[in-house]
Structures are given as structure tokens and as C-alpha cells.
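The values are calculated or read from the model by the stated rules, or taken from the named source; none is laboratory data. Remember, it's a predicted structure, so these values are computed and weren't measured experimentally. Cβ sites come from the backbone with ideal geometry, for glycine too, and all protein chains shown count toward neighbours. Surface areas here come from the heavy atoms of the whole protein model, side chains and all, with no ligands, DNA or RNA. Shrake-Rupley method; radii C 1.70, N 1.55, O 1.52, S 1.80 Å.
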2 protein chains.
Amino acid sequence: MLVNGAASQFVNADDRGLAYGDGIFRTLRIRQGKLRNWSIQYKKLAHDCAALNLACPDEATLLTEFRQLIGDQSDGLAKIIVTRGSGMRGYKTPEQPKSTRILSVHPLPDQSPYFLKHGVALFLCNLRFSHQPRLAGIKHLNRLENVLAASECNDPKLPEGLCLDMLGHVIGGTRSNLFMVKDGELRTPDLSRCGVAGVQRDLVMSWAVTQVLKCTIRDICLDDLIAADEIFIVNSAFGLWPVRSFQGYNRDRFPISLRIQNWLNHEDE
Amino acid sequence: MLVNGAASQFVNADDRGLAYGDGIFRTLRIRQGKLRNWSIQYKKLAHDCAALNLACPDEATLLTEFRQLIGDQSDGLAKIIVTRGSGMRGYKTPEQPKSTRILSVHPLPDQSPYFLKHGVALFLCNLRFSHQPRLAGIKHLNRLENVLAASECNDPKLPEGLCLDMLGHVIGGTRSNLFMVKDGELRTPDLSRCGVAGVQRDLVMSWAVTQVLKCTIRDICLDDLIAADEIFIVNSAFGLWPVRSFQGYNRDRFPISLRIQNWLNHEDE
């Protein structure tokens with residue numbers, strides 16, 4: 001781990017990231033020793049920092065530090081947290097905050113490659129995401145909703161939970177973005193009120209443009225989802241998982257999902 | 001500062017309190033070297049820990065550690081953070097989490113005693129609190145909404161901001177609970193969808209019972225508030241501040257507020 005560039009396992013106990021979740025983070029895939037999709041990941045990082053009025057760490061610094069941490073490791077996950085740094089007690093942000101950046105590298109989670117080809121079963125979370133347009137889309141550190149939702153089910157055969165918002169709209173997985181395919185078109189939930197707009201979601205949408213495939217951002221309810229031809233979920237750690245089953249939904253063919261998975265897998269090489 | 005009982009300024013950089021805001025906290029007033037309202041503060045701590053399925057630190061341990069930190073300091077603030085401890089990357093809670101507790105002592109904030117007698121002016125926050133019944137009332141570490149709301153105004157003459165929820169209901173201050181007085185009765189916002197239910201709020205409600213004064217928990221809109229005979233805000237740090245002005249509301253007499261302030265001030269002696 002590197003904390004503000006120095007090898008350390010510790011952060012100041014008065015860091016505002018700990019006190020209030022006053023910060024943002026990102027998780028990136030390391031493959032063949034390189035950070036995947038770095039440019040778009042850094043753009044997202046800068047965007048999220050700006051949304052909270054946090055100073056974003058310099059790109060070259062981050063790349064140098066990640067290279068140092070990755071060393072000769074081939075595969076894994078990299079994580080960066082940026083907080084508003086140490087602060088006085090009290091919610092009000094300091095006049096001249098000094099950001100804290102925490103970079104770490106982790107092994108890939110132990111996930112079955114079976115899911116990639118044959119799809120996953122989802123559980124439906126009881127927890128509903130709240131609406132907060134001011135924070136929607138941002139990968140900030142206030143993630144208790146995700147913690148509670150993800151902890152609702154411990155069955156390894158159900159590796160991801162599906163989350164709805166307070167109005168019953170489908171938002172995505174606890175740690176992933178969701179797409180559905182219907183009549184040859186893609187749809188993905190509107191994340192302007194809650195949810196995290198991840199890099200893989202952006203990539204899929206940009207791919208759709210190159211394929212002249214219609215992809216719409218819109219409210220999706222459970223009935224829409226169950227009537228889908230295909231459903232798939234994406235994140236930077238596992239890539240793309242087709243959804244095999246969920247409530248009354250059961251599919252065993254995922255032609256469009258697997259085509260996109262293949263593209264994501266070779267993109268940025 | 002004491003981290004898990006040991007003098008330290010640091011916590012593990014992989015603490016889930018930092019990663020996800022997966023924890024809770026409380027702020028207590030120290031007066032004459034003692035923690036005010038300890039019993040009810042500890043009950044709240046235990047309640048909030050239980051709400052997040054966190055192990056609550058032992059009461060005797062906390063008291064011993066706070067005594068050590070307070071030493072011969074007479075006045076100040078004490079703070080405790082309890083998190084789900086270090087964890088693997090990933091939202092799902094560890095099977096056997098080991099809580100982290102962080103105890104600290106701080107000087108009293110530099111606040112004018114003028115506010116206590118003559119009241120404060122409030123600003124109205126643009127940020128609206130989101131509805132999350134699963135987390136409402138709990139003093140958890142996901143406090144970005146409070147950070148953003150409190151940071152909207154830097155005028156020291158407006159020491160607290162008033163927050164509404166998404167439906168326009170009055171919830172309270174950015175760091176305080178709110179009461180209004182109307183026709184000799186108390187009203188305080190319903191906090192079952194958002195907000196933090198603080199110890200001073202409980203104390204005022206229990207005081208009302210002893211005075212056979214009606215105190216109702218209900219939705220309050222801005223029009224209700226502006227028509228109030230008195231408004232006051234409470235928290236453990238400043239106690240009770242009458243509200244002198246806010247939008248179209250202006251008052252210079254606060255008989256009931258000052259009576260409650262006097263009681264709060266002498267309570268638990």
C-alpha cells in the first residue's frame with residue numbers, strides 16, 4: 001500500500017474519509033501487469049473528485065505509484081481512495097484541505113470462470129437505494145447501502161444481488177452495472193438519482209455506438225427485466241457476467257452478452 | 001487518541017470505516033472532567049451498533065479509556081467511532097469482523113456564548129436529505145450529505161444550516177436536531193426516513209413528558225416552521241440554541257426554549 005506516496009498500512013485516524021466517508025474511490029483491473037482502461041478510469045476519478053470539490057491527484061503520480069505497487073504482478077485488482085484528508089472535527093470542509101490518496105493492489109477475487117460463459121443467478125436485495133441526485137453516479141465512500149445489500153445473501157451460487165430504488169426501479173447489482181437486451185436493443189438504468197456509473201457501463205455504451213446498436217438509458221422495472229431477452233452485469237473486477245436466472249427469468253443462451261464480453265475482454269489491449 | 005485501547009494517531013488503511021463508511025460514531029460533551037449523559041449516550045451507541053450488526057465495545061472499557069484521555073481536562077468534546085474493522089476488499093461484511101474503536105478528545109469549538117441567550121440565524125441548505133428508512137436515525141459514518149450541506153455557507157453569523165428532505169419536510173440542522181414551539185406544544189420532525197436522532201432530542205422529549213407538555217413527532221413543512229412561536233436546535237456540543245431568524249421568521253423572545261436550555265444545562269449533574 002502507498003499512502004500519499006509512502007509505503008504504509010496506516011492513515012491518520014482523523015481522516016475525513018473515515019469520519020464522514022468524505023472521499024471517492026475506484027477499483028481497476030490489472031492484466032498482464034497493466035491497469036486496464038486507465039484513461040477512462042482516470043477521467044472518472046477526476047470527475048468524481050470534481051463533484052465533491054476534492055483535489056484530484058496528478059495522473060503521472062498515480063501511474064508511477066501504481067507501477068511501483070504492481071511490480072511484476074501480472075493479474076489482480078488495483079484500488080485508489082482519495083479523501084479530503086485530515087480535518088478538524090465537524091462536517092464543514094476545511095478551507096485548504098490536503099487530500100489523502102491510498103493506493104493498493106489485491107489478488108483477483110476467487111470467482112468461478114463458469115459464470116463468464118454460463119451466467120450467474122442473482123438474488124433480489126430487500127434494501128432499496130435512496131434517491132440523492134447530488135451524489136448519484138459518483139463512486140464516493142458512503143457505501144453503507146451497498147454493504148447492507150451485499151450482505152443479505154451468503155450463498156456463493158448467488159454471487160451478486162440486484163438492487164431496486166425506493167420507487168421499485170432496477171438500479172443494478174450491489175457492485176455492478178446492469179444492462180438488458182430486448183428486441184436487439186440495449187437498455188441500462190437511469191443513474192441520475194442513485195447508483196454508481198461505472199467505467200464498464202460507459203465502455204458498453206460506447207461500443208453500442210460503434211455497432212449502430214441502440215442503447216437507451218431509462219427507468220427499468222422488474223417486469224421489464226423479467227421480459228428481457230438477455231440480462232448482463234458488468235464491473236471492472238469480473239468484466240461481464242450474463243445473468244442465467246433471476247426470479248421468474250431463466251435463460252441459457254446469451255449471444256449478445258457474450259459478444260460484448262468478448263469485445264470488453266480484448267478492448268484496451 | 002486511543003485506537004483499540006492503544007495510544008495511536010493511526011488506523012489501518014484497509015479499515016471498512018474508511019472504505020465504505022461502515023461504522024457509527026457519537027460526540028459527547030465533557031464538562032467538569034465528566035462525560036455528560038453517558039448512560040443515554042452509551043445506549044444510543046449500542047442501538048446504532050446493533051442496527052448495523054456491529055459488535056458494540058464494552059461500556060466499562062470505554063469509560064476507562066475516556067478517563068485516560070480526558071485526564072485533568074475540564075471542558076471539551078469526546079468522540080467515539082466504531083467501525084467494522086479491517087476487511088477484505090468488497091462490500092460483503094466479513095464473517096467474523098473485529099470492530100475498530102477510535103476514541104478522541106477535542107477542545108470545545110469556538111462558539112459565541114451570545115448564541116445561547118440571543119439565538120442564532122439559520123441558513124437554508126440547498127442539499128435535500130434522501131430517504132433511507134433502513135439507516136434513518138442512526139449516527140453512521142455515511143455523512144456526505146451533512147458535509148455538503150454544512151459547507152454551503154461559511155458566514156460565521158449563520159452558524160447552522162437547516163436541511164429539508166426530498167419532499168420538502170424539515171429534518172433538522174446539518175449537525176443538530178430541531179424543535180418548534182406552537183401554542184405551548186413542542187413538535188419535532190419525524191426521523192424515520194432520514195436524519196440523526198440525537199441524545200439531546202431524546203432528552204428534550206423526556207423532559208416534555210415530565211412537564212406534561214405535549215411533544216409530537218411529525219412531518220413539519222417550512223410554512224409550519226415559519227409560523228412557530230419559537231424554534232430551537234440542539235446537539236451535544238452546543239446544547240440548545242434558540243433560533244432568532246430564518247427566512248421570514250424573526251423572534252427575539254424565547255421563553256420556552258430558554259427554560260429547556262436551563263434544564264438541559266443542569267440535567268445529569
Quiz prompt | Those trypsin sites (Lys or Arg not before Pro) in region A:151-244 that DSSP places in a loop and that have at most 12 other beta carbons within 10 Å | solution = A:157, A:214
Exercise. Could you work out the relative contact order of chain A, using alpha carbon pairs under 8 angstrom and six or more residues apart, expressed as a whole percent?
Key: 18 percent
Quiz prompt | Formal net charge of residues neighbouring residue B:156 (Cβ-Cβ distance under 13 Å; K, R +1; D, E -1) | solution = -2
Quiz item: 222 nm [θ] for chain A, helices only, -39500 (n - 2.57) per DSSP H run of 4+, per residue, to 500?
Solution: -7500 deg cm²/dmol
Quiz item: How much net charge surrounds residue A:10 when only other residues with a Cβ under 13 Å from its Cβ are counted (Lys, Arg +1; Asp, Glu -1)?
Solution: -4
Quiz item: What translational diffusion coefficient, in µm²/s and rounded to a whole number, does the Stokes-Einstein relation yield for chain B at 25 °C and a viscosity of 0.890 mPa s, taking the hydrodynamic radius as the Kirkwood radius over Cα pairs?
Solution: 127 µm²/s
Quiz item: Once you list every other residue whose beta carbon is under 11 Å from the beta carbon of residue B:51, what net charge do they have if Lys and Arg are +1 and Asp and Glu are -1?
Solution: +2
Exercise. Over region B:217-265, with every protein chain in place, what whole percent of the accessible area is carbon and sulfur at 1.4 Å, could you tell me?
Key: 45 percent
Exercise. Indicate the gyration tensor shape class of region A:1-86 (rounded, prolate or oblate), computed on the Cα atoms with a ≥ b ≥ c the square roots of the eigenvalues: a/c under 1.5 is rounded; otherwise a/b larger than b/c is prolate and the rest oblate.
Key: oblate
Practice problem: Please report the buried accessible area for the interface of B with A, total over both chains, probe 1.4 Å, in Å² to the nearest 100. | Solution: 4500 Å²
Quiz item: Anyone know which of A:121, A:208, A:150 comes out most mobile in the 10 Å Cα GNM of chain A?
Solution: A:208
Practice problem: Using a 1.4 Å probe and counting only protein heavy atoms, arrange A:206, B:257 so the residue with the most accessible area comes first. | Solution: A:206, B:257
Exercise. Return the sequence-ordered ³J(HN,Hα) values of region A:121-133 in whole Hz as given by the Karplus equation 6.51 cos²θ - 1.76 cosθ + 1.60 applied to θ = phi - 60°, using x for Gly and Pro.
Key: 9, 9, 9, 9, 6, 6, 5, 10, 5, 7, 8, 9, x
Quiz item: For label points placed 7 Å from Cα toward Cβ, what is the shortest-first list of nm distances from residue A:209 to its copies?
Solution: 6.1
Quiz item: GluC sites (Glu not before Pro) within region A:152-219: which are DSSP loop residues with at most 16 other Cβ atoms inside 10 Å?
Solution: A:152
Quiz item: What average count of beta carbons from other chains do you get within 10 Å of the Cβ of residues in B:82-92?
Solution: 4
Self-check item: Copies compared at residue B:263 - label distances in nm, ascending, label defined 7 Å from Cα in the Cβ direction
Solution: 6.7
Quiz item: If you find the alpha carbon centre of region B:85-140 and of region A:225-258, how far apart are they in angstrom?
Solution: 39 Å
Exercise. Let me know the shape class of region B:55-183, please: from the alpha-carbon gyration tensor, a ≥ b ≥ c as square roots of the eigenvalues, rounded when a/c is under 1.5, otherwise prolate if a/b is greater than b/c, or oblate.
Key: oblate
Exercise. Return the single residue from A:224, A:190, A:165 with maximal mean-square fluctuation; model: Gaussian network over chain A, springs between Cα atoms under 10 Å.
Key: A:224
Self-check item: Cα Rg, Dmax, the protein assembly as shown, angstrom units
Solution: 24.6, 73
Exercise. Mind checking region B:198-247 for chymotrypsin sites (Phe, Trp or Tyr not before Pro) that DSSP puts in a loop (not H, G, I, E or B) and that have at most 14 other Cβ atoms within 10 Å?
Key: none
Self-check item: Cβ-vector label at 7 Å, residue A:108, separations to other copies in nm
Solution: 5.9
Quiz prompt | Lysine pair number, Cα distance threshold 23 Å (strictly under), chain B, separation 8 or more or different chains | solution = 17
Practice problem: Work out the mean other chain Cβ neighbour count within 10 Å for the residues of B:3-11 and drop it here as an integer. | Solution: 3
Exercise. Whole number in Å², please: accessible area per residue of the protein assembly as shown, 1.4 Å probe, ligands, DNA and RNA not counted.
Key: 42 Å²
Quiz item: Quick one: how many Å² of residue B:131 are accessible to a 1.4 Å probe, rounded to 10?
Solution: 40 Å²
